[in-house]
Amino acid sequence: MVEAWFSPEAAYGFSGLAVLGLTALFAPAIAKGRHRTAIVSLWGAVIVLGAGLLVAGLVAWAGHQPGHVTLPLIVCGLTIVLAYAGSLVFVLKVYRVAELRKVAAREL
């Protein structure tokens, strides 16, 4: 039998990833077109984190780990990747629009 990577109780620790919801606090800065490099980098780092969790979950599944190991990794990874990759498209669009506003204001 394969030894589990972590206990069922430790699987509840993945609920701590909910702190990523605090990235919503960057919405006013995004709307004003500020801190583009930092925010886009943060989004990229979170996507990489989610992809890492997803890959770890798939490796766990292929290694016949129990459900309390594979399920949190796959669900958290997939949720993070889908949410942040989808919102990155929107964030980049908002920054593009803000840049166009700045260019238009300079031409006046």
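Relative to the compact-globule scaling 2.2 N^0.38 Å, provide the ratio for the alpha-carbon radius of gyration of segment 40-93.
Here the Cα radius of gyration is 1.24 times the empirical estimate.
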task = Can you figure out the FRET efficiency of Leu78 with Lys32, using R₀ = 35 Å and their beta-carbon distance, to the nearest 0.05?
result = 0.65
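Hey, could you get me the Stokes-Einstein D for the chain, Kirkwood radius over alpha-carbon pairs, 4 °C and 1.567 mPa s, rounded to whole µm² s⁻¹? Please report the intermediate quantities before stating the final value.
Details: Rh = 15.8 Å.
The estimated diffusion coefficient comes to 82 µm²/s.
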ask   = Helix 67-107: angle to the longest alpha-carbon principal axis of the chain, degrees 0 to 90, nearest 10?
value = 10
query = In percent, what relative contact order does the chain have, based on Cα pairs under 8 Å that are 6 or more apart in sequence?
reply = 35
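Since every read-out is calculated from the coordinates, none of them should be taken as a lab result. Since the model is a prediction, treat every value here as computed from it, not as a measurement. Virtual Cβ from ideal backbone geometry, glycine too; neighbours counted across all protein chains shown.
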